[in-house]
Amino acid sequence: MMQRHALAARRHSRGLSLVELMVAMAIGMVILAGLSVLFANNSRTRGEIERSSQKIENGRQALDLGGADLEHAGFLAEFDPRDLPLPAAKPDPCASTAADLRAAMGVHVQGYDDGAATVGCITDVKAGTGVVVVRRATTCIAGVGDCAALAAGAPGFQASSCNDPLLPELATGVVDNFYRLSTSPADFTLTRRDCATAAPVRRYLVRIYYIANNDRPNDGMPTLKRAELGPGGFSSVSVVQGVEHLQVEYGLDTNGDGNPDTYSASPDTYLGCGPATAPTCVEHWASVVTAKLFILSRNPDRSPGHVDTKTYSLGQVADATSGSGAPLVVGPFGDAFKRSVFQEVVRLQNASSRRFSPS
């Protein structure tokens, strides 16, 4: 009896046969292969989603930063720059002396339609892309709260609110007494409305936005960069990587009501303007009240198996008669990068509100 129980126990506890083991291994390999394919597909999908998210984030960030600066273009606290004479020619965006900065104050924004051969303080500019220059004072007061103090040698701006006839400020009627734009702290002598308290001093900004071929030397990463005037002149910083194209169309107020009447990517060519025409090209720039921004953003990395066969519309090319002509189209690029166009219309609040007249 005990022998029969022992024999039965041995039969129940025996291992797998060779055939059973091979079948189990085959099933396991099939499951493992399926899981590997699933994992690889999920990884590719996740990577593509991350690249797409980065592209969208870069495009929106470029619009937000450039748009915010343009929205504040021409901000000079209480001072109205329309009282200033306009320069005879388009100002040098790289000028850094106080005298040159004062001469250019009336031109709150200016641009270059396709490249920057004449802008000497920026380098590595991508061919065929736009360049835009913004001039304004900071909205915060230097050294107050979170606003940085004015660095030694940096240009500052001060506007008077004092109208006392016994003091050499607003009551004189001399525009040069209404404000101070200087790199010397000793020049900031203007006062507030009480004619006793010193008027606030703000940093004066000149910023140049452009597309560079590289973020770092020879890395091939197109990047939106910004050159900014500081104590030692202009220096450039990377703002947003992966931005491949910048196009700006400027809205010109031709009838003085504060609203755009025509758009042009190059007000320098509108109506065949020149130093002797009416209006001059500089007057076109002084009449800019809105801006259409077009940004072409691409994935930071290539998408395996993708070929970009699309074309992208970035507004319209400049036309000397109507302002805007045929669509500006770029592409197809034929590479493995995915791209998207982002666009926004920005109202230059200070410039437009000064010209606004209710109907």
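The values are calculated or read from the model by the stated rules, or taken from the named source; none is laboratory data. Because the structure is a prediction, the values reported are computed rather than measured. No Cβ is skipped: glycine too gets one built from the backbone with ideal geometry, and neighbour counts run over all protein chains shown. For the accessible areas, the whole protein counts, side chains as well, though only heavy atoms, and no ligand, DNA or RNA atoms are used. Shrake-Rupley method; radii C 1.70, N 1.55, O 1.52, S 1.80 Å.
Residue selection: Ala127 fails the criterion of being among the small types (Gly, Ala, Ser), outside any strand (DSSP E or B) and either over 22 Å from Pro267 (Cα atoms) or touching a strand residue (DSSP E or B) at 6+ places or on another chain (Cβ under 9 Å) (or both). Which members of segment 287-297 meet the condition of being open to solvent by less than 20 Å² (accessible area, probe 1.4 Å) and either closer than 22 Å to Val239 by Cα or more than 18 Å from the chain's Cα centre (by Cα) (or both)? Passing the criteria: Ser287, Ala291, Leu293, Phe294, Ile295, Leu296, Ser297.
The condition of being exposed (fewer than 14 other Cβ atoms within 10 Å of the Cβ), farther than 25 Å from Cys94 by Cα and either out of contact with any His (no Cβ under 8 Å at 6 or more places or on another chain) or of a type outside the set (A, V, I, L, M, F, W, C) (or both) holds for Asp219. Restricting to segment 101-122, and then to whatever is under 19 Å from the mean Cα position of the chain (by Cα) and without any contact (Cβ under 8 Å) to a residue 60 or more places away in the chain, can you tell me which residue is most open to solvent (accessible area, probe 1.4 Å)? Within segment 101-122, the match that is most open to solvent (accessible area, probe 1.4 Å) is Asp114. Please count how many residues of segment 327-359 are part of a strand (DSSP E or B), within 19 Å of the chain's Cα centre (by Cα) and surrounded by 14 or more Cβ atoms within 10 Å (Cβ to Cβ). Count: 8. Restricting to segment 57-95, name every residue that is of a type outside the set (A, V, I, L, M, F, W, C) and open to solvent by 60 Å² or more (accessible area, probe 1.4 Å). Within segment 57-95, Glu57, Arg60, Gln61, Asp64, Glu71, His72, Glu78, Arg82, Asp83, Pro85, Asp92 meet the criteria.
Exactly one residue out of Gly111, Gly143 is of a type outside the set (S, T, N, Q) and in a loop (DSSP other than H, G, I, E, B), and it is Gly143. For Ser161, the conditions (1) touching a Lys or Arg at 6+ places or on another chain (Cβ under 7 Å); (2) open to solvent by 30 Å² or more (accessible area, probe 1.4 Å) are fulfilled apart from (2).
The residues of segment 196-213 that are among the β-branched types (Val, Ile, Thr) and either open to solvent by 50 Å² or more (accessible area, probe 1.4 Å) or over 31 Å from the mean Cα position of the chain (by Cα) (or both) amount to a single one, Thr197. When Ser324 is tested against (1) assigned to a strand (DSSP E or B); (2) at pLDDT 95 or above, exactly one condition is not met: (2).
Screening Gly242, Gly233, Gly258, Gly274 for residues that are over 27 Å from Val330 (Cβ atoms), open to solvent by less than 10 Å² (accessible area, probe 1.4 Å) and of a type in the set (Gly, Ala, Ser) leaves exactly one candidate, Gly258.
Residues of segment 188-195 include none that is under 30 Å from Val239 (Cα atoms) and either within 29 Å of the chain's Cα centre (by Cα) or surrounded by fewer than 22 Cβ atoms within 10 Å (Cβ to Cβ) (or both). With respect to (1) more than 22 Å from Leu252 (Cβ to Cβ); (2) surrounded by fewer than 13 Cβ atoms within 10 Å (Cβ to Cβ), the lone exception for Cys147 is condition (2). Just so you know, in segment 49-74 the residues that are in a helix (DSSP H, G or I) and small (Gly, Ala, Ser) include one that is farthest from Arg354 (Cα to Cα), and it is Ser52. Just one of Glu169, Glu249 is of a type in the set (Asp, Glu), modelled with pLDDT of 95 or more and closer than 21 Å to Asp69 by Cβ; which is it? Within the list Glu169, Glu249, the selection yields Glu249. Here the condition is being over 18 Å from the mean Cα position of the chain (by Cα) and on the phi > 0 side of the Ramachandran plot; of Leu181, Leu271, it holds for Leu271 alone. Scanning segment 312-326 for residues that are polar (S, T, N, Q), in contact with a Leu (Cβ under 9 Å, 6 or more places away or on another chain) and crowded, with 18+ Cβ neighbours inside 10 Å yields one hit, Gln316. Consider segment 173-209 and keep the residues that are free of Cβ contacts under 8 Å to residues at least 60 places away in the same chain and in a strand (DSSP E or B). The one that is farthest from Ala154 (Cα to Cα) is Thr191. Annotation: Gly153 fulfils all but one of (1) at pLDDT 95 or above; (2) touching a strand residue (DSSP E or B) at 6+ places or on another chain (Cβ under 9 Å); the unmet one is (1).
Number of residues in segment 164-182 that are in contact with a helix residue (DSSP H, G or I) (Cβ under 8 Å, 6 or more places away or on another chain), closer than 19 Å to Leu84 by Cβ and not aromatic (Phe, Trp, Tyr) equals 8.
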